[in-house]
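J.: Dumping the structure here so I can ask a few things about it.
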Amino acid sequence: MFERHESVDDDVAEQVWDVFEATYTTTGSRGARGKKAKRYVVPFHPVIAKHVEPHETRNWGDWYRMLMSSGRPAEFNQELHDAFVARLEGLEPSNLFEQVFVDVIGRIETEAVGEPATDPLRPYVDECASAFQSDLRRWLDDEYDSPSNWLQSTRDLFCFHFMMYYAQLALNLEREFDRLAKDPERDYEPEIKQLYFGLWDEKASQDRRFRQEWRARDQRGVEGHVYDSWGRLAVLNEIAAVVERKTDREQTAVTLSEAMALPDSVRRTVVVELCEHLPDTEPSDDVDLPTVAQRMTNRVRSYYEEKTQSNQTPISMGINVVRQLGDGGDRKYWRTQRKIGPTFRLNRGALRFFARLFAMNEDDTHYDEFVSYLQRRGIFLDSKSERYALEELDEMGMIDRQSDSGGAVYVRSL
């Protein structure tokens, strides 16, 4: 179909396709388990997503629905969703080159795409959903990027918030399970935790916080918590299944802390059913929910650790997903270096993108407020990284120093 398009000359069709493949497709450095890496079309226009299905898909629609839901009880942000859909449907190809491929791909016969589900899906860390919705609302106001650049930037925005939710979910689950094991009467409310990032070209010496976040020397670090989250999520799934059967709750998702407030009979049923997965644990009166929850977590960890690394779901569907979401193109939130290992990082593109989003709200663009903006999204910088970020933004022309305000420093959009 491409060669037959009226805008494509037969003499240059092969070269044009090479340009398209180099510009509008991407691939991993290698395939899973030694397979040849698959090539994916970058969705530079909504028609691409409607007519080209990726080789491998994940439940990103549910992730979107979850991060668009917030509050207690959770409500789906229909107004923001409608505005996002309207912006997508109004996008036009950025140039003739894109127009040709949109026309070609639009002629591919596919099954009709149904309306996406918009019923609320409660997030475990509500603050992550609020941050995502705030950034998406700001990004909808951007009118300066070309349509394809805007759409690819939207993808990078989604990748960051999905990656951050993975990490924040794991951090909060670890703290909740540990706290209730020590004090079952103490409630726990999930919230965004400190996650230290470095700037891309900073020296990652041993004393830097961001050097120790992913793989801590004396603790499991974020990597270990992501791995263990599969066991903790298994506990929450068991709780949700019992609650759905035994109560009339409309939204069955509950935290472990909330499960402690369930009626004794329901909570006891959870304990009994979790014990069925634990050969060495009998559901006696001495075994409470926090205790059996910790044993279940350890049991799931042991189960996966007995398998070969290539068959460990917590790695392939957890740890590797965090890496893949963070290792983008123009904007990166993750870096792996020899002798240093993986670290959370912001390259210049990511730093510029966040500064641009921040500066769209003109109420207060002081640099200190920008640092707080990052923290509300889980990005924490130590004092050295704060200074380094300021220098990089200044080099990019995104810093406004006002001497008449006592040397105040403000962030401005490009």
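The values are calculated or read from the model by the stated rules, or taken from the named source; none is laboratory data. Since we're looking at a predicted model, the values are computed, not measured. Positions of Cβ are backbone-derived with ideal geometry, glycine not excepted, and every protein chain shown enters the neighbour counts. Just the protein is used for accessible areas: all its heavy atoms, side chains included, with ligands, DNA and RNA removed. Shrake-Rupley method; radii C 1.70, N 1.55, O 1.52, S 1.80 Å.
J.: For LEU195, which sequence-distant residues (separation of 5 or more, or a different chain) have an amide H within less than 5 Å of its own amide H, given hydrogens modelled in the peptide plane?
T.: PHE380
J.: Using amide H atoms built in the peptide plane, which far-off residues or other-chain residues are under 5 Å from ALA408 H to H?
T.: GLN402
J.: What size of dipole, in debye to the nearest 20, comes out for region 261-414 about its Cα centre when the only charges are +1 on Lys and Arg C-beta atoms and -1 on Asp and Glu C-beta atoms? Intermediate results must be reported in sequence, preceding the final value.
T.: Working: 22 positive and 25 negative charges, 176 e Å.
Its charge dipole is roughly 840 debye.
J.: Calculate one ³J(HN,Hα) per residue across region 329-344 by plugging θ = phi - 60° into the Karplus curve 6.51 cos²θ - 1.76 cosθ + 1.60, and present them in order as whole Hz with x for glycine and proline.
T.: x, 5, 10, 10, 10, 7, 9, 10, 10, 4, 6, 10, x, x, 9, 6
J.: Counting only heavy atoms of the protein chains, get the accessible area per residue of region 168-316 (1.4 Å probe) and round it to a whole Å² value. Spell out each step's value before the answer.
T.: Numbers: 7820 Å² over 149 residues.
Here the residues of region 168-316 average 53 Å² of exposed surface.
J.: Give me the distance in nm between label points sitting 7 Å out from Cα along the Cα-to-Cβ direction at THR23 and LEU80, one decimal.
T.: Spacing of the two 7 Å Cα→Cβ label points: 3.3 nm.
J.: Could you work out, for region 109-248, what percent of all Cα-Cα pairs fall into each 10 Å distance bin, beginning at 0 Å and stopping at the bin that holds the largest distance?
T.: The calculated distribution, bin by bin, is 9, 26, 32, 21, 9, 1.
J.: Another question about this same structure. Step through the residues of region 126-137 one at a time and calculate ³J(HN,Hα) from phi using the Karplus curve (6.51 cos²θ - 1.76 cosθ + 1.60, θ = phi - 60°), rounding each to whole Hz and writing x for Gly and Pro.
T.: So the Karplus estimates, Gly and Pro as x, are 5, 5, 5, 5, 5, 5, 4, 5, 4, 5, 5, 4 Hz.
J.: What residues have an amide H closer than 5 Å to that of ARG345, excluding those fewer than 5 places away on the same chain, when H is modeled at 1.01 Å from N in the peptide plane?
T.: GLY198, TRP334, ARG335
J.: From the residues TRP17, ILE379, THR281, which one has its Cα farthest along the dipole of the chain in the positive direction, the dipole being from +1 and -1 charges on Cβ of Lys/Arg and Asp/Glu about the Cα centre?
T.: Farthest along the dipole direction, towards plus: THR281.
J.: With charges only on Cβ, +1 for K and R and -1 for D and E, what is the dipole size of region 229-330 about its Cα centre, in debye, rounded to 20? Walk me through the intermediate numbers first.
T.: On the way: 11 positive and 17 negative charges, 41 e Å.
Roughly 200 debye for region 229-330.
J.: Next up: Taking a threshold of 28 Å on the Cα-Cα distance, which of the pairs LYS38/LYS332; LYS38/LYS193; LYS193/LYS332; LYS50/LYS193; LYS38/LYS384; LYS50/LYS307 fall above it?
T.: On the way: LYS38/LYS332 21 Å; LYS38/LYS193 35 Å; LYS193/LYS332 20 Å; LYS50/LYS193 37 Å; LYS38/LYS384 40 Å; LYS50/LYS307 38 Å.
Among LYS38/LYS332; LYS38/LYS193; LYS193/LYS332; LYS50/LYS193; LYS38/LYS384; LYS50/LYS307, the Cα-Cα distance tops 28 Å for LYS38/LYS193; LYS50/LYS193; LYS38/LYS384; LYS50/LYS307.
J.: What percentage of the solvent-accessible surface of the chain, computed with a 1.4 Å probe over protein heavy atoms, is contributed by carbon and sulfur atoms? Could you put the intermediate results ahead of the total?
T.: On the way: 9690 of 22060 Å².
Here it works out to 44 percent.
J.: Given 37 °C and 0.692 mPa s, how large is the Stokes-Einstein diffusion coefficient of region 116-182 in µm²/s, with Rh as the Kirkwood radius over Cα pairs? Spell out each step's value before the answer.
T.: Values: Rh = 14.0 Å.
Value of D from the Cα-based Kirkwood radius: 234 µm²/s.
J.: Please give the calculated 222 nm ellipticity per residue for the chain, where each DSSP H segment of at least 4 residues contributes -39500 (n - 2.57) and the sum is spread over every residue; nearest 500 deg cm²/dmol? Walk me through the intermediate numbers first.
T.: Working: 16 runs with 205 residues, N = 414.
The helix-only estimate for the chain comes to -15500 deg cm²/dmol at 222 nm.
J.: If you place +1 on the Cβ of every Lys and Arg and -1 on the Cβ of every Asp and Glu, how big does the dipole about the Cα centre of the chain come out, in debye to the nearest 20? All intermediate terms of the calculation are to be shown ahead of the outcome.
T.: Values: 55 positive and 75 negative charges, 372 e Å.
It comes to approximately 1780 debye.
J.: How big is the accessible area of TRP60 in square angstrom, nearest 10, if you roll a 1.4 angstrom probe over the protein chains?
T.: 80
J.: How far is helix 348-359 tilted off the main Cα axis of the chain, in degrees rounded to 10, range 0 to 90?
T.: Computed tilt is about 80 degrees.
J.: Take the Cα atoms of region 169-260, find their three principal axes, and give me the spread along each one in whole Å, biggest first.
T.: Cα extents, longest axis first: 55, 26, 20 Å.
J.: Another question about this same structure. Nearest 10 degrees is fine. How inclined is helix 289-305 to the longest principal axis of the chain, computing both from alpha carbons?
T.: That helix lies at roughly 60 degrees to the long axis.
J.: Evaluate the Debye formula for region 246-305 with equal point scatterers sitting on the alpha carbons, no solvent, and hand back log10 of I(q)/I(0) at q = 0.18, 0.21, 0.30 Å⁻¹, in q order, two decimals.
T.: Debye output, listed in q order: -0.66, -0.85, -1.32.
J.: May I ask you to derive the relative contact order of the chain, considering only C-alpha pairs under 8 Å and at least 6 residues apart, and to give it as an integer percent?
T.: Numbers: 500 pairs, mean separation 61.1, N = 414.
Reported as a whole number, the value is 15 percent.
J.: Multiply the residue separation of LYS50 and ARG215 by 0.36 nm, subtract the distance between their alpha-carbon atoms, and state the gained length in nm to one decimal.
T.: On the way: separation 165, 0.36 × 165 = 59.40 nm, distance 3.93 nm.
Between LYS50 and ARG215, full extension yields an extra 55.5 nm.
J.: Measure nothing but the geometry: give the 0 to 90° angle between the long axis through the Cα atoms of 264-275 and the longest principal axis through the Cα atoms of the chain, rounded to 10°.
T.: Value to nearest ten degrees: 80.
J.: Please state, as a whole number in µm²/s, the translational diffusion coefficient that the Stokes-Einstein equation yields for region 253-380 at 10 °C and 1.306 mPa s, with Rh defined as the Kirkwood radius across alpha carbon pairs.
T.: On the way: Rh = 19.0 Å.
Estimated diffusion coefficient is 84 µm²/s.
J.: Enter the accessible area of ASP330 (Å², nearest 10), with the probe set to 1.4 Å and all protein chains included.
T.: About 120 Å², ignoring ligands and nucleic acids.
J.: Can you compute 3J(HN,Hα) from phi for each residue in region 372-377, using the Karplus curve 6.51 cos²θ - 1.76 cosθ + 1.60 with θ = phi - 60°, rounded to whole Hz and x for Gly and Pro?
T.: Working through the residues one at a time gives 5, 4, 5, 5, 5, 9 Hz.
J.: Still on this structure, I have one more. Considering just Cα atoms, how many Å³ per residue does the convex hull of the chain enclose? Write out the running numbers ahead of the final one.
T.: Details: hull volume 78.1 nm³, N = 414.
Hull volume normalised by residue count: 189 Å³.
J.: Gain in length, GLU191 to LEU96, computed as 0.36 nm per residue apart minus the alpha-carbon separation, to one decimal in nm? Write out the running numbers ahead of the final one.
T.: Numbers: separation 95, 0.36 × 95 = 34.20 nm, distance 4.65 nm.
The GLU191-LEU96 span can extend by a further 29.6 nm.
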